[in-house]
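A short worksheet on the structure shown next.
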Number of protein chains: 2
Amino acid sequence: MTLSLSAVKPHRQPWPGLIEQYREYLPVSDQTPIVTLLEGNTPLIPIPAIAERIGRQVRVFVKYDGLNPTGSFKDRGMTMAISKAKEAGAKAVICASTGNTSAAAAAYARRGGMRAFVLIPDGYVALGKLAQALLYGAEVLAIKGNFDQALEIVREMAESYPVTLVNSVNPFRLEGQKTAAFEIVDTLGNAPDWLCIPVGNAGNISAYWMGFCQYHQVGKCDRLPRMMGFQAAGASPLVTGKPVPHPETIATAIRIGNPASWEKAVAVKSASMGNFHSVTDAEILDAYRLLASEEGIFCEPASAASVAGLLQVKDQIPTGATVVCVLTGNGLKDPDTAIKHSQSQFKQGIEAEIKAVAEAMGL
Amino acid sequence: MTLSLSAVKPHRQPWPGLIEQYREYLPVSDQTPIVTLLEGNTPLIPIPAIAERIGRQVRVFVKYDGLNPTGSFKDRGMTMAISKAKEAGAKAVICASTGNTSAAAAAYARRGGMRAFVLIPDGYVALGKLAQALLYGAEVLAIKGNFDQALEIVREMAESYPVTLVNSVNPFRLEGQKTAAFEIVDTLGNAPDWLCIPVGNAGNISAYWMGFCQYHQVGKCDRLPRMMGFQAAGASPLVTGKPVPHPETIATAIRIGNPASWEKAVAVKSASMGNFHSVTDAEILDAYRLLASEEGIFCEPASAASVAGLLQVKDQIPTGATVVCVLTGNGLKDPDTAIKHSQSQFKQGIEAEIKAVAEAMGL
């Protein structure tokens, strides 16, 4: 084998998946069978067009977690939840979900050789949302009841039958999710000044805070970020201080009226000197389009809440600060919103000759 | 700042995007403005369930390029094409495409501050396929003509107007695409024995071969893979040796009757002692479902052709060989196929109480 100068460049260690990468910070042992799709290691992408709208040398990045294997941040928690379920000998897992959780649960459970059950309310027609979970081999059961009843049943099932619950109450999920904070610090060399994050069930904001605090404690960063949580205006219980009985927003992934991690999120807000704000659907859609058409980044509508929120409170950001906005899911998860809310030009009926095309292009 | 033992772990260099990572192997200079979404660095995931079907200690991995920023391998070529267009002073780019190329072109062009024009045949109704490009801010023009006329017009436009052509004839695209071969070698420590890859326009198989040869030349690997190209049975000109006037297959991304890189691909086959084979739509769908339901990996139907092909010719693989199958696109690009071809269980009308649910689960 001939060696050239280029071979001197140090070998790049392949990413081993987030559990192996952060094993020392996670509740796993040599006995834990790791079920991984090499999740994590998602890019931290600068968004200069949005930074320019803020000015004052503020640096802005997005943590694009839509590039996880099933297209959302849920993979971070699911590699932990499924590995621990397998360690405990589970043959099946269950969750109540119509979205990203069901896809992640199905993918990891099947990869781990387990059955994956997904409970949903009957008459839930948007099959497209479940297409991914079904293809991964989920067994979907529609009950004659609402979503709260589905949640109640899966909790009971997990208590009295040999199936492991992988809904957000599963404690290993937040452990996995905290690794996104580790990755941000590893990339920036320190914690950002602000972390902007969409808030629905409020688990992810709690997980990020856990991650930053743990890294701070071992000296990986010498500061902690201000945690800025953004909720959709029609589903903003943490902003108003009371549950929302009928939450409504285009950002379906954060359409939650009574967050499971309510108290944790309030504690994060105080401890980090952060805040909760609400953003309207119009602000969310503006940020969603702006990210795609000026930065080249396509996220789920709910993800865009973090950028919408940042733009809403931009005058509060210290000059020269570093801000990270969390984008939780891939835009490809929700093609309907892309079709409905694109404002791009689509011209039809143009003659098939070069002059007509040039004219249509304004050249 | 307190330092602990854990801080001793070497700092992980953040991935800088494929141009910066492989700058010495690419036609860029200090004058090239790099337009990047931190593409590349996609995971090489073991697929043990498929390896088990082959047996004989064969190791099988997928290069999951659907985790690029716009969801396909096209981002590798587009970061190069758009950076070079920007270096040349282009204010607009153009392509004829209804799929992954248009999405990648739009995302990178808009990120680089350029206009992105996409020409398609009129009456092309599947707006869903274009939703992503439209959201990225593409300006879509539908002409009264067929796809070949659209291709002809964009070529002429690029010659006589100030717009840069970013269709596959753009030479910088293959330069970017070859980096996937670099990444595979960097991860495995050598080239695989076999590379299995879906073949449509035949640009990607040529790009991978360029990459392996270049790395071999500088001593990064001491062998070259056998290049195994797989076409859909209804669109297999490289297998039959003659163009297909009306190509048909469920794998739309490789539904091409007259490949642009025909001669290059034939040369790759000879030089690598590889082969071309065709796989039926049924074989493609079987591999597509198998990848999702046993490995937890959701790809485009066209991507699954590489795995379908591998399974077809599995008896030819040497014992103990290392095989990499290329998955070119994310399954989320094509939700319709997922809905139509999932074989999972979907049970409805179950009573909302635990016994009924347990019974439906077979517990």
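Think of the protein assembly as shown as having a plus end and a minus end, set by charges on the Cβ of Lys, Arg, Asp and Glu; of A:119, A:79, A:339, A:79 sits farthest toward the positive end of this dipole.
Accessible area lost on pairing A with B, both sides, 1.4 Å probe, Å² to nearest 100?
In total, this chain pair buries about 8700 Å².
All distinct Cα pairs of the range B:73-165 go into the 1/r average, and the inverse of that average, the Kirkwood radius, is 13.0 Å. Simple rule: put +1 on each Lys or Arg Cβ and -1 on each Asp or Glu Cβ in the protein assembly as shown, find the dipole, and look at B:103, A:236, A:297; the Cα lying farthest toward the positive end is A:297.
Residues whose amide H lies under 5 Å from that of residue B:325, counting only those 5 or more places away or on a different chain, are B:61, B:62, B:63, B:196; hydrogens are built 1.01 Å from N in the peptide plane. Based on protein heavy atoms only, the protein assembly as shown ends up with 37 Å² per residue of surface accessible to a 1.4 Å probe. Based on alpha-carbon atoms, the Kirkwood radius and the radius of gyration of the range A:162-281 give Rg/Rh equal to 1.00.
One equal scatterer on each Cα of the range A:1-150, no solvent, Debye formula: the resulting log10 I(q)/I(0) at q = 0.14 Å⁻¹ is -0.81. Inter-chain Cβ neighbour count for B:288-300, averaged per residue, equals 6 (cutoff 10 Å, partner chain atoms only). Amide H contacts of residue B:352: A:144, each under 5 Å away and 5 or more positions distant or on a separate chain (H built 1.01 Å from N in the peptide plane; Pro and chain starts excluded).
What number in nm² do you get for the range A:91-240 if you take the convex hull of its Cα atoms and divide its surface by four?
For the range A:91-240, the mean projected area of the Cα convex hull comes to 10.8 nm².
Take every DSSP beta bridge whose two residues both sit in the protein assembly as shown; close to 15 percent of them are antiparallel.
Taking the label point 7 Å along Cα→Cβ, residue A:24 and its counterparts in the other copies are spaced 3.1 nm apart, in ascending order. Considering only B:31, B:13, B:57, the Gaussian network model of chain B with Cα springs below 10 Å gives its largest mean-square fluctuation to B:13. Electrostatic tally near residue A:282: other residues with Cβ closer than 15 Å to its Cβ, Lys and Arg +1, Asp and Glu -1, net -2.
Residue ranges B:320-331, A:302-313, B:19-30 sort as A:302-313, B:320-331, B:19-30 when ordered by packing (mean number of other C-beta atoms within 10 Å per residue, highest first). Between residue B:117 and B:93, B:94, B:95, B:139, the built amide H atoms are under 5 Å apart, and every one of these is 5 or more places off in sequence or on another chain.
With the cut-off at 1.5 for a/c, could you classify the range B:200-257 from its C-alpha gyration tensor as rounded, prolate or oblate? Prolate shape, in that a/c is at least 1.5 and a/b is the bigger ratio.
Past the 27 Å Cα-Cα mark, which pairs from A:84/A:144; A:264/B:333; B:84/B:264; B:129/B:220?
Working: A:84/A:144 31 Å; A:264/B:333 36 Å; B:84/B:264 23 Å; B:129/B:220 39 Å.
Beyond 27 Å: A:84/A:144; A:264/B:333; B:129/B:220.
Over all projection directions, the Cα-based convex hull of chain A averages an area of 24.5 nm².
Specify the residue with the greatest mean-square fluctuation among A:178, A:86, A:144, computed from a Gaussian network of chain A linking alpha-carbon atoms under 10 Å apart. Checking each option, the largest mean-square fluctuation is seen for A:144. Label-point spacing at residue B:127 relative to the other copies reads 2.1 nm, in ascending order, each point sitting 7 Å out from Cα along Cα→Cβ.
Which shape class, rounded, prolate or oblate, goes with the range B:238-329 when its Cα gyration tensor gives a ≥ b ≥ c as root eigenvalues, a/c under 1.5 marks rounded, and past that a/b bigger than b/c marks prolate? Taking the square roots of the gyration eigenvalues as a ≥ b ≥ c, the range B:238-329 is oblate.
Taking the three principal axes of the alpha carbon atoms in the protein assembly as shown, the coordinate ranges are 65, 59, 55 Å, sorted in descending order. A 1.4 Å probe, protein heavy atoms only, puts the accessible area of residue B:277 near 40 Å².
What's the magnitude of the charge dipole for the range A:73-165 around its Cα centre, counting Lys and Arg as +1 and Asp and Glu as -1 at the beta-carbon? Answer in Debye, nearest 20. Write down the numbers at each step before the final one.
Numbers: 11 positive and 8 negative charges, 79 e Å.
Here the range A:73-165 has a charge dipole of around 380 debye.
Relative contact order, whole percent, for the range A:73-165 stands at 32, derived from Cα pairs under 8 Å and 6 or more residues apart.
Restricting the calculation to Cα atoms, the range B:263-312 shows an Rg/Rh of 1.09 when the hydrodynamic-style radius is the Kirkwood one. Peptide A:210-217 shows a mean partner chain C-beta count of 1 within 10 Å per residue C-beta.
With label points defined 7 Å past Cα in the direction of Cβ, position residue A:162 shows copy-to-copy spacings of 7.2 nm, given to one decimal and shortest first.
Derived scalar couplings between HN and Hα for the range B:23-37 equal 3, 5, 9, 10, x, 10, 9, 5, 7, 7, x, 7, 9, 9, 10 Hz in order, rounded to whole Hz, by the Karplus curve 6.51 cos²θ - 1.76 cosθ + 1.60 (θ = phi - 60°), x for Gly and Pro.
Whole angstrom only: what separates the Cα centroid of the range B:223-296 from the Cα centroid of the range A:246-280? With the range B:223-296 and the range A:246-280 each reduced to a Cα centre, they are spaced 48 Å. The string of couplings for the range B:163-173 from the Karplus curve (6.51, -1.76, 1.60, θ = phi - 60°) is 10, 9, 7, 10, 5, 5, 5, 4, x, 6, 5 Hz, one whole number per residue in order, with x for Gly and Pro.
Looking at chain B, the DSSP beta bridges with both ends there are about 15 percent antiparallel.
Heavy-atom accessible area for residue B:194, with the other protein chains in place and a 1.4 Å probe, reaches approximately 10 Å². Taking a sphere under 9 Å around the Cβ of residue A:308 and counting the other residues whose Cβ falls inside, with K and R at +1 and D and E at -1, yields a net charge of -2.
Inter-chain neighbour count for A:99-110: the average number of beta-carbon atoms from partner chains within 10 Å of each residue's beta-carbon is 2.
The values are calculated or read from the model by the stated rules, or taken from the named source; none is laboratory data. Given the structure is predicted, the values throughout are model-derived calculations rather than measurements. For neighbour counting, all protein chains shown are included, and Cβ atoms are generated from backbone atoms with ideal geometry for every residue, glycine included. Surface accessibility is based on the protein's heavy atoms, side chains included, excluding ligands, DNA and RNA. Shrake-Rupley method; radii C 1.70, N 1.55, O 1.52, S 1.80 Å.
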